Amino acid sequence: MKKCISFLAMIFVAGSVHAAPAVVDYIFDGDTFAAYVQLQDDVRISVRVRLMNVDTPELHGECEYEITRANMARERLAELIPVGSVVELSKIKDDKYLGRIDAYVKTPDGRDVGEILISEKLGRPYKGGRRAGWCE
């Protein structure tokens, strides 16, 4: 337990961790997934990861367009980082929700996941703050 708390404290201090490998465990939506991070040989933690640089539509959106796009983004994220794949988390920081971190995420072949979703029009650039709606 002490090792886990020490690692989490290190992760959440800005700039203290530049990159960490993680194993994808579950896809929540187009910009959030669960992953396991191996701290040491005998210590592994599960965290929720929010892609730092992209905003995707919400699964429980306000209109049919948003819900449809949200499902497309979730499916695409699952293709880019399938369950069991090893991804790279970088520029890790604490999120506003307990138990979740924000990070840039690279696919197993080294591509930025957020940039892919943006280029495929399944998400839009996000730098924090209030997000615009998806319904017209």
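Packing, taken as the mean count of other beta carbons within 10 Å per residue, orders the peptides 59-65, 108-114, 87-93, 49-55 from highest to lowest as 49-55, 87-93, 108-114, 59-65.
Determine the percent antiparallel among the DSSP beta bridges restricted to the stretch 2-125, to the nearest 5. That works out to approximately 85 percent antiparallel.
A crude spin-label estimate for the pair GLU120 and ILE45, with each label 7 Å from Cα along the Cβ direction, gives 3.0 nm.
Considering only ASN71, VAL43, ASN53, and ranking their Cα positions along the charge dipole of the stretch 26-112 that arises from unit charges at the beta-carbon of Lys, Arg, Asp and Glu, the one farthest toward the positive end is VAL43.
Note on the chain: helix-only mean residue ellipticity at 222 nm, from DSSP H runs of 4+ residues weighted -39500 (n - 2.57) and normalised by residue number, equals -8000 deg cm²/dmol.
For the stretch 2-125, a crude dipole built from +1 on the beta carbon of Lys and Arg and -1 on the beta carbon of Asp and Glu, taken about the Cα centre, is about 440 debye to the nearest 20. Axis of helix 64-80 versus longest Cα principal axis of the chain: the two differ by about 40°, to the nearest ten degrees. Could you state the angle between the C-alpha long axis of helix 2-12 and the longest principal axis of the C-alpha atoms of the chain, as a value from 0 to 90 degrees rounded to the nearest 10? In the chain, helix 2-12 runs at an angle near 50 degrees to the longest axis. Fewest-first ordering of TYR26, TYR104 by other beta carbons within 10 Å of each residue's beta carbon gives TYR26, TYR104. The value for the chain of Rg(Cα) / (2.2 N^0.38 Å) is 1.05.
Where a number appears in this text, it was derived from the coordinates with a stated rule and is not lab data. These numbers were taken from a predicted model, which means no experiment stands behind them. All Cβ positions, even for glycine, are placed from backbone atoms using ideal geometry, and neighbour counts span all protein chains on display.
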